[in-house]
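What follows is one structure encoded as structure tokens, with my remarks underneath.
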Amino acid sequence: MKRIQLNMGKYLIVQTSFFIALILLSGSGQIAAQSAESTNLTQPAAETPMMRGLGVGTHFGRKPNWDVDKVLPLLKEMGVSVIRDGPEWATVEKTKGHYEIPPDDQYWFDKVTQSGIRVVLVLMRRNDIYENPLDPDAFARWAAYMARTWKSPQVLAYEIWNEPPNFDFPELYGKDSDWIQKYSEMVRKATDAIHKVNPNATVLHNLEEQQWFTALEKYSSDYAHVDGMDLHPYPMRVPAEGSPDAPPITDADHSLVSYLTISAIDYSKKYLGHPLPMYVGEYGFPVIKGERNGWKGVTETAQAAYEVRGMLQGLHYGVKLWCFYDMVNDGTDPKEEEDNFGLVRNIDQNYEPKPAFYSLQRVARLMGADWQIDTRARATLDTTPASAMVVNASLVRGPQMFWFRVGKDYITYVWKAGEYEGPTSAVTGAIIWSNAPRLARVEVQDLVTGKEVPATLSGAKGKVTLSGVPVGSNPIAIRWVAK
């Protein structure tokens, strides 16, 4: 493909099929026409770097579908840095006071952590060898054993239970006020026990929505020593930027970002005196037709767009880890939502990756381990019809733009929030950067399709405009490569 060169005053604009280079001209400003091979950066890299903050849920205890020897290469290929998993209490302590991790669990833990992937260890489920199957003292002793046996840094965090409203606590203790008190007591005792054997451990709780506010109002001292909270902000029936919850759990727009920050920052500061670091342990969209059990199904393409859009918002607003639920489809029933959250298909379908696998892989290849949030007002986004917007947004509809740094480079993500409408609905946008650094090139890619975007770069004296950027349902990545 021909390389196009335009002399724009002090700069030379070089456009190929995928990247646009902005080159400072020499004093003579001479231009020589030439042809060159097109540069297609959508081709798979030799190896995907582990992306800090990118995690997935796994169920390695459920064989044969969750075969670690077959799933682990996919985790590495996608760029996953953390998994969320763990053996249940009753499988480790089968007789009182005697602990033994099952060999299959030890096997997957060793395989995963030896690969460099870390684990959020979920500690949960009742143990019927005790008169009270949720005995908080017995649970704390088991939690301490797990913290001594499976240690940091291989374990990123120890999580006290998964979704207590859905597992065991209401069944055993009854109404909210009763089970919330019992869960809070368990959190306090387990947190202290884990910190006693591992003072540097990160301990998370997983209480959300109104139950979390009740716990803070009545039992805040039980959460005095936790190190963070795990949130599961499933959109369920709304797009990636929204939440099905309502004030006071969210803002008036029911935004995803408000759900996260109200819980972990606003209310935590009010009752605990400090914010709690945010971790997202589950987030996802089932690929099913129609609606089922409160879930609105999405297409595979919409899943690919939504997963990226939700994660990028969360990471930009300070979430330390974003885990998708889950890595592998749990079954093959096309109408069952629990069978269709996976980023890859079931073992019976040869673990074939879905588009979401590749969209997240593209983000991992852009971001790697050393990305940073960039909150400065770098540029504006103008769309057609004209509507200027500065830097970042957390809207539940309309244009969005988020900035990150990777070394000296800038990474910009743009899309239009709201229901998935497909790439053909995109409007044309232009990013106007008044104080741009010297750039070697600019790379533009549709993260869902992986295709290059033929945007056009122009400008001089530090002010540049990148025009022809599609602002639609598919998130677009722009990498500004510094000289």
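The values are calculated or read from the model by the stated rules, or taken from the named source; none is laboratory data. All of these numbers come straight from a predicted model, not from anything done at the bench. Because the Cβ atoms are built from the backbone with ideal geometry, glycine has one as well, and the counts that use them run over all protein chains shown.
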Of the residues in region 277-292, those that are over 17 Å from G53 (Cβ atoms) and surrounded by fewer than 21 Cβ atoms within 10 Å (Cβ to Cβ) number 4
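Of all the helices (runs of 4 or more DSSP H) wholly in region 184-281, which have at least 2 residues that are free of Cβ contacts under 8 Å to residues at least 60 places away in the same chain, in contact with a Phe, Trp or Tyr (Cβ under 8 Å, 6 or more places away or on another chain) and not β-branched (V, I, T)?
Passing ranges, in order: 209-219, 267-272.
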Does S467 satisfy the condition of being more than 30 Å from E300 (Cβ to Cβ) and free of Cβ contacts under 8 Å to residues at least 60 places away in the same chain?
yes
Out of all the residues in region 112-125, is one or more more than 24 Å from the chain's Cα centre (by Cα), at pLDDT 95 or above, assigned by TED's automatic domain parsing to the domain that holds H195 and surrounded by 15 or more Cβ atoms within 10 Å (Cβ to Cβ)?
yes
Which residue out of T191, T214, T261, T250 is among the hydroxyl-bearing types (S, T, Y), crowded, with 19+ Cβ neighbours inside 10 Å and over 24 Å from the mean Cα position of the chain (by Cα)?
T191
Would you check if there is a residue in region 83-104 being assigned by TED's automatic domain parsing to the domain that holds K189, surrounded by fewer than 21 Cβ atoms within 10 Å (Cβ to Cβ), in contact (Cβ under 8 Å) with a residue 40 or more places away in the chain and under 26 Å from F341 (Cα atoms)?
yes
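Out of all the residues in region 59-67, is one or more on the phi > 0 side of the Ramachandran plot and in the same structural domain as W150 (by TED's automatic domain parsing)?
Checking region 59-67: not a single residue is on the phi > 0 side of the Ramachandran plot and in the same structural domain as W150 (by TED's automatic domain parsing).
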Given (1) closer than 24 Å to M124 by Cβ; (2) at pLDDT 95 or above; (3) not hydrophobic (A, V, I, L, M, F, W, C), identify the lone condition not met by K270.
(1)
Take R438 and tell me if it is among the basic types (K, R) and touching a Phe, Trp or Tyr at 6+ places or on another chain (Cβ under 8 Å).
no
Here are some residues: K335, K320, K354. Which one is modelled with pLDDT under 95 and of a type outside the set (A, V, I, L, M, F, W, C)?
K335
